[in-house]
Amino acid sequence: MSKIDARAVQGAIAQRGFNICIGLPAALLAIALLARANLEFLETPVTGAENLKIAGFALITVALAVLAFVFLRKRSILKSEKLIAEIRSHPANIAEILSNQLYPLFFIAAIPAAIGLIFYFLGGDLDTYVLISVFCPAGLMILKPRESEIEQLESELPGSED
């Protein structure tokens, strides 16, 4: 079996994840700014400032938990027998196979942008919303396999000893 091209794998995953992990938070930010500017009922906070501050910290914690889940799930996918069996059956499409396996995790990594939008609509400040949404691009960076992870995957494939 030929060596896995790490750049091709990382490129395929970045191509898939860019629209979700970068584009979705940007689109939600545009929606939030337009809605806040044009809808009068969003101008007054639903709850008190102290409650919003606590909610903001709670949502930042949730965003960190989402990133931890994405990281752990990525590691389990890269070590799964299902992935190795699929790569063995289609060795020419390794980059596509890996990006397909990680594709649902991009949507999970975008959850902080959605919960940040809800926070902003409830009367939260823009700074906290942007801080919560920054976790989405961090999810993209977490999902991009490191070269050491690709080498470890390659070592588990048959014919990689030569």
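The values are calculated or read from the model by the stated rules, or taken from the named source; none is laboratory data. Since the structure is predicted, the reported quantities are computational estimates derived from the model, not experimental observations. Counting neighbours? That spans all protein chains shown, and the Cβs are built from the backbone with ideal geometry, glycine included.
At-a-glance table
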{"item": "Residue within the stretch 128-151 that is farther than 16 Å from A8 by Cβ, over 22 Å from the mean Cα position of the chain (by Cα) and not acidic (D, E) present", "result": "no"}
{"item": "Check on K53, modelled with pLDDT of 85 or more, among the basic types (K, R) and either at negative phi or assigned to a loop (DSSP other than H, G, I, E, B) (or both)", "result": "no"}
{"item": "Check on L78, touching a residue at least 12 places away in the same chain (Cβ under 8 Å), buried (at least 20 other Cβ atoms within 10 Å of the Cβ) and of a type in the set (A, V, I, L, M, F, W, C)", "result": "no"}
{"item": "Only listed residue being crowded, with 16+ Cβ neighbours inside 10 Å and either within 24 Å of A30 (Cα to Cα) or within 16 Å of the chain's Cα centre (by Cα) (or both), chosen from F119, F69", "result": "F119"}
{"item": "Residue under evaluation P145, criteria (1) part of a helix (DSSP H, G or I); (2) modelled with pLDDT of 85 or more, criterion not met", "result": "(1)"}
{"item": "Qualifying residue in the stretch 98-109 (condition: surrounded by fewer than 18 Cβ atoms within 10 Å (Cβ to Cβ), more than 10 Å from the chain's Cα centre (by Cα) and of a type in the set (S, T, N, Q))", "result": "yes"}
